[in-house]
Each structure stands twice: as structure tokens, then as C-alpha cells.
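Read the structure below first, then the notes.
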Amino acid sequence: MNSINTFISGIEVLDQPFKLSINGKLVNAQSHFDVLNPATNTVIAQAPSASSEQMEEAIDAAIKAFGPWSAKTWEQRSTYIQDFADALEARKDELITLLCLEQGKPRHSMATSEVDAAIYWVREVSKRTLPVKIIEDTDQHVVEVHHTPLGVVGAITPWNFPVLLGLWKVAPCLITGNTMVLKPSPYTPLTSLFFGEIAQQVLPAGVLNVISGGNELGQQMTEHPALSKISFTGSTETGKRIMASGASNLKRITLELGGNDAAVVLPNTDWETIIPTLFWAAFGNSGQWCIAVKRLYVHASIHEQFVAAFVEYARGKVVGDGLDPSTDLGPIQNRMQYNKLLDLFADVHSNGYKVPLGGHIDESLAGNFIPITIVDNPPENSRIVQEEPFGPILPILSYNDINEVIARVNASPYGLASSVWGPDRQSAIAVAKRLEAGTVWVNEIHIHGIDIPFGGHKLSGMGVENGEEGLAGFTNTKTYMFHK
Ligand code: NAD
């Protein structure tokens, strides 16, 4: 079992080696790849690069485990999953440190809250059920709708919330009677390998297999005829590829993809009180968040004061190493994303947009640090408004008319989430009803819950996670009709 044990002169050293979890066993790979700390770009560990044969072994193990696991009662599976939650809780501190080290998010804030939320999710999902629905019960006839497991599910996760988004898939998949092969992003494999190891202590062999390696393993999963479903969180481009390759055996597919979430601040809003909330909604996790506020529309009557106060609030926030307790925002998780942001910043500068805060990236720093950056009222068709930056840069836009702003928000091909802020709840709700998104918050934001379905419209995804709908997404609907 791994432990995260030493910090020598500020250099983090992780016990080696991290291992794959296949059929209840911890397994080495023939080759490995480096995992970097994004705050220093130093190697913190090596992760196993699984071969395609090892992926086959993991899928075989999940197939064999499916029969006995799905034959257990819901209550039996629930007990296993609660044991998993307890086992995670016992190793929580190490998981938090590991998350901070490989992802970059501050240990004392976001890394802790992600791990806490993930463990809570596992425990709470284990208590949920999918009751049989009686559609008809007459003298002659009964119609019942049941949910049956799908079989082996492939889970593919991104690098921004590797623990939470991974366990969001594991718990509902297993409680509904499926088995799983999970493949984390090659940028952040360690936390998933770590919770995979923990799972092997409490779950029957083969129920949860965790495999790290390159993107080609993800493709192998999506093309594999034995997998019944792919549950994917990541970019829209990869989502489209998964949908295409999953067509071969009509896999069930849940896609949680990118977004370009808008927040709309209505006239006469008590805007000073909402600035801290909107700041964190945009810049939390350094903007590397599918549901981060990525476009902030503020009514022209308050735009100028709003931008000035927002900049003032943002100015005091510290970007730095997530191990440092004074850090508010960590680095960008990887160089690929950092380079995308360099390009986007260059576009902002070359077009001469107003940048009242930030804007200058110090490329001499060892870590992938990007300053908190605000762009004041760039054109609607600018890249910074139209693209998902996935970094700590936010355009604050001005609008005059409610129909105009709704049209601008809805013109995006994405439809993940959005929020409306206003003094009068009913008129804010009326605006919310016209926004094209899977989730719309009014005078609050980023509330999630075990029983609250979450998913995107348009290019932001297909299907939902969480809620009864999310659980049902891991099942087939089976209708029984009995003649009395
Ligand atoms: P990505 O699509 O590059 O990678 C995600 C995962 O897909 C990784 O595990 C990767 O190895 C795997 N993968 C890559 N190519 C594959 C292929 N051809 N077949 C199968 N798997 C493949 O995304 P990312 O850069 O890791 O994550 C950032 C994106 O994720 C952003 O667009 C963000 O908005 C989105 N995201 C969405 C949500 C949501 O819930 N909607 C949550 C978090 C992140």
C-alpha cells in the first residue's frame, strides 16, 4: 500500500511504486510515465503505463466479477460501498496531499473539500435506491418497471477534479450492480490509483479495476465489445470521438463535457454582496472547472462600478503552490493547458482588449502559474468570450437589454450551466427559464447534491450524473407485465 510520507527540503517524495488494480490485485506495468507537480514541474512519482493486454485483463476481471456482484442484494452492495467510504476516510489525509501534489489545487481548501465531498458522495449514494415503479395494478393486469444492471462500465475521467469525478462514477455504477474499469487522465493518475488500491481491501476482486496509461487505453475501452457503457467526463472533442467509437455495440454513453457558463447580473442587483461569490465561481480551481463562470454579463447601468469592485476583490488573492497555506489559487494542472492559455492571452493582447487586472504571464516561473486576469468588455465574438478558457481569466461583459443578453448567452454551442442574479426572484426565474443549460441557478451557484441531476445540453453533454436519473443511467429499464 502506498503512503505519502516525506517532504524533504520542500521536495515531495512519494513512496513507490503506484500500481494498477486488476482483479483485486495490485499489479506493476512494464513501463511507467512521469507524473509532475504542476507547482514545480518536478517529477513526484511514476505511474504505471498499462499495456493493452493489461486493459484486456482488467475487462476480463470485471466481466467475471459481474455475475456474483450483480447477484448480491442491493443492501449487500450498499454495505460494501459504505465500507469503501470508511476505508477512504481512514486514508483521507494522504489522498488530499496526493491530490494537491498531482493536481495543484490548494491542500487546505479545494483539495480538502474535493476529497471530503467525494467520500460523502460514496457514502450517501450507497444509501440511495431505485425503487420498482408500479405503472398499473388492476384486477387483470400488473405493469412494473424495474432497473437491471448493464454489465461492465468503462469510466474515463479528466484532470481537474480526479477524485470527485472518479468517485461520482464509481459509487452509482457499483450500487446498481455493475462492475467497472476506470481510467483516469494521464495527467492525474495517482489519486485514482490510490483509491483503487483502497477499494481492493474492501470490494470483491474485479468489481473495480483501475488502469493508468495513455489516451489509447481510453479508445480501447470505447471500442471494446464487452463494455456496456462508457461514463465519460472530459472535453467535447473527446466526447464526440467516444460517441462515434461506442456505436459499434450501441454502448450506453454518458458524456459530461465542456461548458462556457454565463452569469447574468440584472439591473438593481445588490451587486456588491455577490462579488465574492461570483469571484470564486469564476476563479475557484483556477478556472479549471467545467461549471466555472466563464462569461459574466453585467447590466450597463452598473457595469463600471461592478468591474472596479470585482478587480479590487480579486487583487488580494494569492496564486501559488497548493502546499502553501497562504495560496488561494493553485497552478494550471499541465503544460498543454498552460500553453493554450498563453495563446489565449496573446490573442487578448494583440486585439488590445482592456485588462484591468493581470494579463502578464511570467514564463520564467518553474510552475504553471497564471495570474488572475479580468478582461473588461471584449467584443462578443472574441475568442475569450467564445472559447472555454479553463484557466483564471474572465471576461466581464456589458449589456443593455434582457432579450439581447439572453440571445448572447444562448448563442453558445455549449449549454452546461448558468446563473441569474437579481433583486426580484420572479423576474430572475423568468430569465432563468429562457437560458439553454442543464442547470440554472438563481441568486446562488454551484450547488450540487446526491439527489440533484447534473448534465449538459447541446455540446456540453448527454445524459446526467447524480439524482435518480443518474443512477438509472447505469441500468437498463426492464418492464414486466403480469396477467392476473
Ligand atoms: P480530455 O477529453 O482531453 O481527456 C479526458 C479523458 O479522456 C482522459 O482520461 C483522457 O485520457 C481520455 N481520452 C483522451 N482521448 C481519448 C479517446 N480518443 N478515447 C477515449 N478516451 C480518451 O479532457 P481533459 O482535458 O482531461 O478535461 C478538460 C475538459 O473536461 C474540459 O473541457 C472541461 O470542461 C471538461 N469537464 C467537464 C465536466 C462536466 O461535468 N461536464 C467536468 C470536468 C471537466
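Tabulated values for the structure
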read-out	value
Residue within the range 120-128 that is over 21 Å from Ile242 (Cα atoms), within 14 Å of the chain's Cα centre (by Cα), surrounded by fewer than 19 Cβ atoms within 10 Å (Cβ to Cβ) and within 16 Å of the ligand (Cβ to nearest atom) present	no
Flag if Glu237 is part of a helix (DSSP H, G or I), touching a residue at least 60 places away in the same chain (Cβ under 8 Å) and among the acidic types (Asp, Glu)	no
Close pairs (6 angstrom Cβ cut-off, 6 or more residues apart or separate chains): not assigned by the TED database to the domain that holds Ile275 and aromatic (Phe, Trp, Tyr) in the range 428-456, within 15 Å of the ligand (Cβ to nearest atom) and in a strand (DSSP E or B) anywhere	Phe454/Glu465
Condition met for Ile361 (touching a Gly at 6+ places or on another chain (Cβ under 7 Å), away from the ligand (no atom under 16 Å from the Cβ) and open to solvent by 10 Å² or more (accessible area, probe 1.4 Å))	no
Filter result for Ala155 (out of contact with any Asp or Glu (no Cβ under 9 Å at 6 or more places or on another chain), aliphatic (A, V, I, L, M) and surrounded by fewer than 24 Cβ atoms within 10 Å (Cβ to Cβ))	no
Ser185 of a type outside the set (A, V, I, L, M, F, W, C) and assigned to a loop (DSSP other than H, G, I, E, B)	yes
Whichever residue in the range 268-321 is of a type in the set (Asp, Glu) and touching a residue at least 40 places away in the same chain (Cβ under 8 Å) and, among such residues, is surrounded by the fewest Cβ atoms within 10 Å (Cβ to Cβ)	Asp270
Scope the range 238-251; condition within 6 Å of the ligand (Cβ to nearest atom) and in contact with a strand residue (DSSP E or B) (Cβ under 6 Å, 6 or more places away or on another chain); matching residues	Ile242
Residue match in the range 160-168 (condition: surrounded by fewer than 24 Cβ atoms within 10 Å (Cβ to Cβ) and either touching a residue at least 12 places away in the same chain (Cβ under 8 Å) or among the charged types (D, E, K, R) (or both))	yes
Scan of the range 385-426 for residues that are within 16 Å of the ligand (Cβ to nearest atom), out of contact with any helix residue (DSSP H, G or I) (no Cβ under 8 Å at 6 or more places or on another chain) and of a type in the set (S, T, N, Q), ordered by number	Gln386
Single unsatisfied condition, Val264 versus (1) open to solvent by less than 40 Å² (accessible area, probe 1.4 Å); (2) of a type in the set (Val, Ile, Thr); (3) closer than 22 Å to Thr188 by Cβ	(3)
Those strands (runs of 3 or more DSSP E) lying entirely in the range 15-76 with at least 3 residues buried (at least 17 other Cβ atoms within 10 Å of the Cβ)	20-22, 31-37, 42-49
The range 414-436: number of residues that are assigned to a loop (DSSP other than H, G, I, E, B) and either touching a Cys at 6+ places or on another chain (Cβ under 8 Å) or open to solvent by 50 Å² or more (accessible area, probe 1.4 Å) (or both)	4
Qualifying positions in the range 184-237 - of a type in the set (Gly, Ala, Ser), farther than 30 Å from Gly415 by Cβ, within 11 Å of the ligand (Cβ to nearest atom) and open to solvent by 10 Å² or more (accessible area, probe 1.4 Å)	Gly214
Residues being part of a helix (DSSP H, G or I) and in contact (Cβ under 8 Å) with a residue 60 or more places away in the chain - total across the range 92-107	10
Selected residue (only one of Met180, Met110 is in a strand (DSSP E or B), of a type outside the set (Lys, Arg) and open to solvent by less than 60 Å² (accessible area, probe 1.4 Å))	Met180
Residue within the range 446-468 that is under 16 Å from Val293 (Cβ atoms) and more than 13 Å from the ligand (Cβ to nearest atom) present	yes
Enumeration of residues in the range 252-289 that are out of contact with any Leu (no Cβ under 6 Å at 6 or more places or on another chain), modelled with pLDDT of 95 or more, within 16 Å of the ligand (Cβ to nearest atom) and part of a loop (DSSP other than H, G, I, E, B)	Leu257, Gly258, Asn260, Gln288
Residue check for Met481: open to solvent by 40 Å² or more (accessible area, probe 1.4 Å) and within 16 Å of the ligand (Cβ to nearest atom)	no
Filtered residues of the range 290-303 (kept if assigned to a loop (DSSP other than H, G, I, E, B) and either more than 20 Å from Gly391 (Cβ to Cβ) or of a type in the set (Gly, Ala, Ser) (or both))	Ala292, Ala300, Ser301, Ile302
Residue ID - nearest to the ligand (Cβ to nearest atom), chosen from residues in the range 151-183 that are under 15 Å from Arg128 (Cα atoms) and small (Gly, Ala, Ser)	Ala171
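The values are calculated or read from the model by the stated rules, or taken from the named source; none is laboratory data. Worth saying up front: this structure is predicted, and the values here are computed from it rather than measured. We place every Cβ from the backbone using ideal geometry, glycine too, and count neighbours over all the protein chains shown. When the accessible area is computed, the model is the full protein with side chains, heavy atoms only, and any ligands, DNA or RNA have been set aside. Shrake-Rupley method; radii C 1.70, N 1.55, O 1.52, S 1.80 Å.
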